[in-house]
Amino acid sequence: MARFLGVLVALVALVGCGGNVAINQAHIRFAHLVPDGGRLAYYFGDSLKFVNVEYPTITPYRAADSGAITLNVGPFPGNTYLAQAFGNVTDAGRYTAVTIGYRSPQSGEPSLSMFVLQDESIPPPTGESRLRVVQAAPNTNALDWYVTLTNVNLNDVEPDFTNIGLGEASAYANFGVGTRRLRATLPGTKTVVYDTSIGLSGRQIYTLYLRLTTSGPVAITHSMVKDGG
């Protein structure tokens, strides 16, 4: 089931974390997935952390003091904010603030907004990988998602993630390693609207963001990044 992640977010701590982390600090990164967003700047409160961020970029993690935090995004150059997200971050927690929508929406299009995801950092077992999907493509329907071997017939399987709409993320799920076929369908149907291949490595954690292409006719594509590192 999709988990809605709104602008006002209560962030939840991860229990345990891989790698070396600073005491009393969380780690936060930003995803610029606004097709007409231009160059953006990202802030912890009023403290500038990233500038000149272009679409589609997922930044590295940056350390932040644990506790209440306001995350801001604005134009670069500029000194105004376009969207905010609020919450509490905890020691050793990993988070991604995702910016979606349109900076200059047309009638019926979603406006620019930001929501926060909790990133998992505890590796899956040996021989497995872990994946979630995020719907960040504006004006794209909610979708079901299938992660299969290449030649699997969709009529023979159920979706791994169901009804993931704009601004929503699936839960994480474990999959085998190697090349996997990723297909998205209209909810409750086998009508494929996106079909691609992805590579999954052992004991790695991934988030796949559905987004719009950067040039040519408007179409959907994806960015996939490792989480928790």
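Scanning the range 13-25 for residues that are touching a Gly at 6+ places or on another chain (Cβ under 8 Å) and either at pLDDT 95 or above or surrounded by fewer than 17 Cβ atoms within 10 Å (Cβ to Cβ) (or both) yields 13, 18, 19.
Can you pull out every residue in the range 93-113 that is in contact with a Leu (Cβ under 7 Å, 6 or more places away or on another chain) and either surrounded by 21 or more Cβ atoms within 10 Å (Cβ to Cβ) or not charged (D, E, K, R) (or both)? Lay out the reasoning, then the answer.
Taking the range 93-113 first, the residues in contact with a Leu (Cβ under 7 Å, 6 or more places away or on another chain) are 93-103, 110, 112.
Of everything in the range 93-113, those that are in contact with a Leu (Cβ under 7 Å, 6 or more places away or on another chain) and either surrounded by 21 or more Cβ atoms within 10 Å (Cβ to Cβ) or not charged (D, E, K, R) (or both) turn out to be 93, 94, 95, 96, 97, 98, 99, 100, 101, 102, 110, 112.
Filter the range 114-123 for residues that are surrounded by fewer than 17 Cβ atoms within 10 Å (Cβ to Cβ) and of a type outside the set (A, V, I, L, M) and give the result. Working first, answer last.
Residues of the range 114-123 surrounded by fewer than 17 Cβ atoms within 10 Å (Cβ to Cβ): 122-123.
Across the range 114-123, the qualifying residue is only 123.
Does the range 26-47 contain at least one residue that is surrounded by 16 or more Cβ atoms within 10 Å (Cβ to Cβ) and modelled with pLDDT under 95? No, the range 26-47 contains no residue that is surrounded by 16 or more Cβ atoms within 10 Å (Cβ to Cβ) and modelled with pLDDT under 95. Close Cβ contacts (under 8 Å, 6 or more residues apart or on different chains) running from residues in the range 94-115 that are under 16 Å from residue 43 (Cβ atoms) and not assigned by TED's automatic domain parsing to the domain that holds residue 220 to residues that are in a strand (DSSP E or B) and among the basic types (Lys, Arg) comprise 95/29; 96/29; 97/29.
Filtered by the rule that a residue be over 22 Å from residue 225 (Cα atoms), assigned to a loop (DSSP other than H, G, I, E, B) and under 18 Å from the mean Cα position of the chain (by Cα), the range 87-111 gives a lone residue, 110.
The values are calculated or read from the model by the stated rules, or taken from the named source; none is laboratory data. The structure presented is a predicted model; accordingly, all values stated were derived computationally and were not measured. Positions of Cβ are backbone-derived with ideal geometry, glycine not excepted, and every protein chain shown enters the neighbour counts.
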